[in-house]
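The structure appears right after this line, and notes come after that.
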Amino acid sequence: MWLADSWKDYEVLDTSAGEKLERWGKYILVRPDPQVIWNTPKDDPLWRKYDARYARSSTGGGKWQNLRLPAQWQVRYKELTFQVKPMNFKHTGVFPEQAANWNFIYDNCVRMRAEERTPKVLNLFAYTGGATLAARAAGADTTHVDSVKQVVTWARENMEQSGLEGVRWIVEDALKFVQREVRRGNRYNGIILDPPAYGRGANGEKWILEDNIGEMLECCARLLEPCGAFLVLNLYSMGLSATLASTAVRQAFGTPFEEQFGELCFDDRAGKRLPLGTYCRFAR
C-alpha cells in the first residue's frame, strides 16, 4: 500500500455514501467514487458549501451542478504545475494518487543521472503527463504517447507551466507504437504504463485491457534495458488486483529486483482509507 500524502494543493477531506469531498487548491469539489461503500455522517460543512458537485444520472453519465469554478486553474505538486479542468465525465485531468508513482519515477531517474547516465523514459497511455513531467524534471529523455490529441496538448501546457521543455510528443495508439519500437530495436531505461480498461486509438484501434495487456507487457519487456532500468504499471480497472498485476509483470519480465505492488490510497481527515487503483513497479 502506498499513500500519496505529499500534496499541498490537494486533499481528500471526507468520504461517504459513494462520494468524496476534495480540496483542489482553493476550490472544493464533490465527486462520485464507487469505492466509497460506507455511509458515515456528512458532518463537514463543506459538504454543503462546495464549489461544484458532479451528480450521476439515473440514465447514465452525469453533469456538474452548482458550478462556481473557472474554466481551469492550477495546482502544484512539488515543482510541477497542472492545469485542472472539470471534464464532462467527472474527471479533472489530474489523478493526485499518482504522485506516489511520480516519486518512484523521479527518484529512479535521479539515480541514473548520479551514475552519469541520461535515462531514456517511455510513458504510454500518458494522458495529461504527470509521469512525463516527473521523468523530465529529473533530467530524463522522455517520450509521451497518447492517442488523444487534445490531452497531449494539455500535457504540453502542463510541461510549459512547470518550466520544462524537450518532451517528445507522440499522438498514436500505444500498442502500435511499442510494436514499431520493437521492430526498430529501440531500448528504454524506464517504461510507464497507465492503460484504461477500454479505449480507442488515434485511428479507431480498439483497446480492451484483459485482451491486450499481455501483448503490451511482452513488447515492453523487449524494449526495457536488462539492467539499470525501471517499470511502472498502474491499473484502475476494478476487479484487477495488485497480485494479478504483479503476476502479469513477472510473466513478461521475469523476476524483477526490488518489486513493489499494492494499492494507491488516500486517507480522509477521519482516517477512512480510500483505494484509488493498483500498481506494480520494479527497478533492476
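A few remarks follow.
- Considering only 109, 227, 219, the mean-square fluctuation computed in a Gaussian network model of the chain, springs between alpha carbons under 10 angstrom, is largest for 227.
- Computed over the stretch 177-284, the range of Cα coordinates on each principal axis works out to 52, 36, 20 Å, biggest value leading.
- Counted residue by residue at 0.36 nm each, then reduced by the alpha carbon distance between them, the extension gain from residue 222 to residue 203 reaches 4.4 nm.
- Between residue 39 and residue 17, the modelled labels are 0.9 nm apart [label points 7 Å from Cα along Cα→Cβ].
- Among beta bridges that DSSP assigns inside the stretch 153-284, antiparallel share in %, nearest 5: 75 percent
- Only Cα sites of the chain enter the Debye sum here, all with the same form factor; the resulting log10 I(q)/I(0) across q = 0.10 1/Å is -0.53, listed in q order.
- Using equal-weight Cα scatterers in the Debye expression, the normalised intensity of the stretch 31-132 in log10 at q = 0.10 Å⁻¹ is -0.44.
- Only lysines eight or more places from residue 42 in sequence, or on another chain, were considered; those with a Cα closer than 25 Å are 8, 20, 26, 63, 90, 272.
- Solvent exposure of the stretch 71-133 as accessible area per residue, Å², 1.4 Å probe: 40 Å²
- Across the options 195, 171, 34, the greatest Cα extent toward the positive end of the charge dipole of the chain (unit charges at beta carbon of Lys, Arg, Asp, Glu) belongs to 171.
- Cβ charges +1 (Lys, Arg) and -1 (Asp, Glu), total dipole of the chain, debye: 580 debye
- Based on C-alpha pairs under 8 angstrom that are at least 6 apart in sequence, the stretch 201-279 has a relative contact order of 30 percent.
- Put simply, when 274-280, 175-181 are sorted by average Cβ atoms within 10 angstrom per residue, most first, you get 274-280, 175-181.
- What the Cβ-Cβ distance of residue 66 and residue 103 gives, at R0 = 41 Å and to the nearest 0.05, is a FRET efficiency of 0.75.
- C-alpha long axis of helix 149-161 to longest principal axis of the chain, angle in °: 90 degrees
- Selection among 15, 137, 114 by position relative to the dipole of the stretch 1-147 gives 15 as farthest towards the positive end (Cβ unit charges, Cα centre).
The values are calculated or read from the model by the stated rules, or taken from the named source; none is laboratory data. Computed from a prediction, not measured in an experiment: that's the story for all the values here. Note that each Cβ is placed from the backbone with ideal geometry, even for glycine, and that neighbours are counted across all protein chains shown. With ligands, DNA and RNA removed, areas are computed over all heavy atoms of the protein, side chains included. Shrake-Rupley method; radii C 1.70, N 1.55, O 1.52, S 1.80 Å.
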